[in-house]
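The values are calculated or read from the model by the stated rules, or taken from the named source; none is laboratory data. In this text the structure is predicted, and so the values were computed from the model without any measurement. Heads up, the Cβs are rebuilt from the backbone with ideal geometry, glycines too, and the neighbour counts pull from every protein chain shown.
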Amino acid sequence: MSVIVVILVMLLLLLIRVPVGFAIAIAGTLGLYIHGGLSDVLGVLQSAPADAVSSYSLSPIPLFILMAQFVVASGVMDDLFEATRVWVGRIRGGAGIAATGAGAMFAAVSGSSTAAAATLAHTSTTKMIESGYSPRISTGLVSVVGTLAAMVPPSIILVFYAILAEESVGQVLVAGFLPGALVTVALIVTLLILIKADPASAPPGQRHAWADKLRNLKSAGPVLLLFALVTGTVYFGIATPTEAAALGAVGGFALLAARGRASWQTIRHAITETISSSVMILMIILGAHILGYFITSTRVTPTVVSWVASLDVAPVVVIIVLALCYIVLGFFLDQIAILALTVPVVLPLVTELGYDPIWFGVLIVLLAEIGLVSPPLGLNVFVVARTARRPAAEVFWGALPFVLAVVAVAALLIAFPEIVLWIPDTMSATE
C-alpha cells in the first residue's frame, strides 16, 4: 500500500511541476516515514546526501556537459553540415543525408539530445526548406536526429544509467556506438524511402567539384579528433571515463578558441549552464538514492522478480512489455527521471531473466528518447518547430516515420543483443 501512495504522490508532484529531483526525494522520504517512521527517515537522510553525490564515478557528467557547451558555442555544426552536404549532394535527398550525418558527428561530441536538435535545426532545417525540401520531412528528420546524442558516446544519459546500475561507465558509453550507427543508417534509409515515394518532397541532387569536397572535408577533422580523444582513449584503456571527459572539456575549449569564439561572455554562459545542469542531475541522483532506500526496505524488487519468474512466459515477452512501458513513460517524463524511477526496480528483474545490464541500459535509453519526439512533451519537436517557425503538429507528423525507424532498431537490439555488447566485450579496461 505504501508503494502505491508514494507513486501517486510522486506523480502529483510532477503534475504540478515540482522539479523532478525534489519530487522523487519528497516521495521517497514520505515512503520511508510511512514504512518505518521518523527514525528511518533520519537514518537515511543523515548519510544519503553525501553517499549519493560524492562518488568519483559522477565526475564525467559535469565535464561532458562542459564539453558540449563549448562545442555548441563554437558553431562547428555549420561546417559539419556543409562538409557532409557537398559529399552527398548529388543524391536526391542529399541535404537530408547531410543533416543526419552531421547530426551523428555532432552527437559524438555534444552528449545532449535537445542541444543537438536545436543546433541542427538552426543550421540545416531552414536551408533544407528554402532549397525545396518538404517542411514536414525536414523538421521531422532533424528532431529525431537530435536523439542520436543519447546513443553515440559520450552520452550523458548513458553515464547516468551506468551510475544507477553500478556498471562500468566506459563499457556503457562505448556500447552505444553501434546502436547509434544503426539508428543513423535507419534514418537515412527511411528518408530515401519517403523521397522515393514522393519525389516532389526533395529537390534534385547537385554535383560538387572535388576541390570543394576536399576543402570542406577539413571542417570535420576537429570534431572527429575530439571524438577519438574522448571515446578512443576509453576504448583502448588509455584513460578512465573521467580523464577522457576532462580531455574532452579541454578539447572543446580548444575548438572554441580556434574558431575565435572564446569570449568571456561565452565561457561564463558555458560554465553557468554546466553548473545548472549538473546540479539538476545530482538532485535527481539524490532523490533516486532516497527512493532506493524505500524500495529496498519494502522488498518490492524481490517480490516483482518472484512474481514474474512464476509466470509461464518467455523472457523476451517480458522484455517486449518493458520496452512498450518505456516508450509510454517517455511520452510523459524526462529521460533521466525515467531511469531514476525504474532502474532500481526493473534492472534486477532483467538480470534475473538472464539479460546483460549494459545491453538493457542502451535499449531503454533508446526507447526513452522516443519521448523527445512524441506528444505531449516532445521537447525536441517544440525546439525544432520554434526554430523553423513551423506548426508543432506538422513536426510531430513528420517525425513519425523516423520514430518507427528507431523502434525497428530497438527491435533489432532485442533480437540480437550482441550488437550492443560486441564493442564493450572487446575494449581494454581502465576501471
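The condition (being part of a helix (DSSP H, G or I), among the hydrophobic types (A, V, I, L, M, F, W, C), more than 21 Å from the chain's Cα centre (by Cα) and in the same structural domain as LEU339 (by TED's automatic domain parsing)) is satisfied by just one residue among VAL305, VAL279: VAL305.
Evaluate the following for LEU32: is it in contact with a Phe, Trp or Tyr (Cβ under 9 Å, 6 or more places away or on another chain), assigned to a helix (DSSP H, G or I), without any contact (Cβ under 8 Å) to a residue 40 or more places away in the chain and of a type in the set (A, V, I, L, M, F, W, C)? So LEU32 fails the test.
Look through SER134, SER113 and report the one residue that is in contact (Cβ under 8 Å) with a residue 60 or more places away in the chain, closer than 29 Å to ILE26 by Cβ and either under 23 Å from the mean Cα position of the chain (by Cα) or assigned by TED's automatic domain parsing to the domain that holds SER277 (or both). First the steps, then the outcome.
On the way: SER134 fails: closer than 29 Å to ILE26 by Cβ.
Only one candidate passes the filter, namely SER113.
When residues in the range 384-426 are screened for being over 19 Å from LEU158 (Cβ atoms) and either surrounded by fewer than 24 Cβ atoms within 10 Å (Cβ to Cβ) or not assigned by TED's automatic domain parsing to the domain that holds VAL169 (or both), 22 of them pass.
If you go through the range 383-393 and keep only what is of a type in the set (Lys, Arg) and touching a residue at least 40 places away in the same chain (Cβ under 8 Å), you end up with just ARG390. If the condition is being touching a residue at least 24 places away in the same chain (Cβ under 8 Å), hydrophobic (A, V, I, L, M, F, W, C) and surrounded by fewer than 24 Cβ atoms within 10 Å (Cβ to Cβ), then the range 371-382 contributes LEU377, LEU379. Does LEU324 meet the test of being crowded, with 20+ Cβ neighbours inside 10 Å, farther than 21 Å from VAL5 by Cβ and in contact with a Leu (Cβ under 9 Å, 6 or more places away or on another chain)? In short, no. Taken over the range 234-250, the residue count meeting the criterion of being within 17 Å of ALA162 (Cβ to Cβ) and assigned to a helix (DSSP H, G or I) is 8.
On the basis of being without any contact (Cβ under 8 Å) to a residue 24 or more places away in the chain and either assigned to a helix (DSSP H, G or I) or within 29 Å of VAL6 (Cα to Cα) (or both), does VAL41 make the cut? Show your work before the answer.
Numbers: without any contact (Cβ under 8 Å) to a residue 24 or more places away in the chain: yes; either assigned to a helix (DSSP H, G or I) or within 29 Å of VAL6 (Cα to Cα) (or both): yes.
Yes, satisfied.
Consider SER74 carefully, then state whether it is within 27 Å of the chain's Cα centre (by Cα) and small (Gly, Ala, Ser). So SER74 fits the description; yes. So is VAL345 on the phi < 0 side of the Ramachandran plot and surrounded by 21 or more Cβ atoms within 10 Å (Cβ to Cβ) or not? No; evaluated as a whole, the condition is false for this residue.
The set of residues from the range 118-137 being of a type in the set (Gly, Ala, Ser) and closer than 19 Å to LEU194 by Cβ comprises ALA121, SER124, SER131, GLY132, SER134. PHE70 fulfils the conditions (1) outside any helix (DSSP H, G or I); (2) of a type outside the set (A, V, I, L, M); (3) at pLDDT 85 or above except for a single criterion, (1).
Residues that are farther than 26 Å from MET67 by Cα and either at pLDDT 85 or above or buried (at least 21 other Cβ atoms within 10 Å of the Cβ) (or both): does the range 221-239 have at least one? Outline the logic, then answer.
Taking the range 221-239 as the starting set, the residues that turn out to be farther than 26 Å from MET67 by Cα are none.
No: zero hits.
Counting only residues that are among the aliphatic types (A, V, I, L, M) and part of a loop (DSSP other than H, G, I, E, B), how many does the range 131-178 have? If you could, list the steps in order and put the result at the bottom.
Step one: of the range 131-178, the residues among the aliphatic types (A, V, I, L, M) are 137, 141-142, 144-145, 148-152, 156-159, 162-165, 169, 172-175, 178.
Imposing the further condition that a residue be part of a loop (DSSP other than H, G, I, E, B) reduces the set to 151-152.
Residues meeting the conditions: 2.
Flag: LEU187 matches the condition of being part of a helix (DSSP H, G or I), more than 14 Å from the chain's Cα centre (by Cα) and crowded, with 24+ Cβ neighbours inside 10 Å.
Consider PHE360 against the criteria (1) crowded, with 19+ Cβ neighbours inside 10 Å; (2) touching a Gly at 6+ places or on another chain (Cβ under 7 Å): it satisfies all of them except one. Which criterion is unmet? Here PHE360 meets the rest and fails (2).
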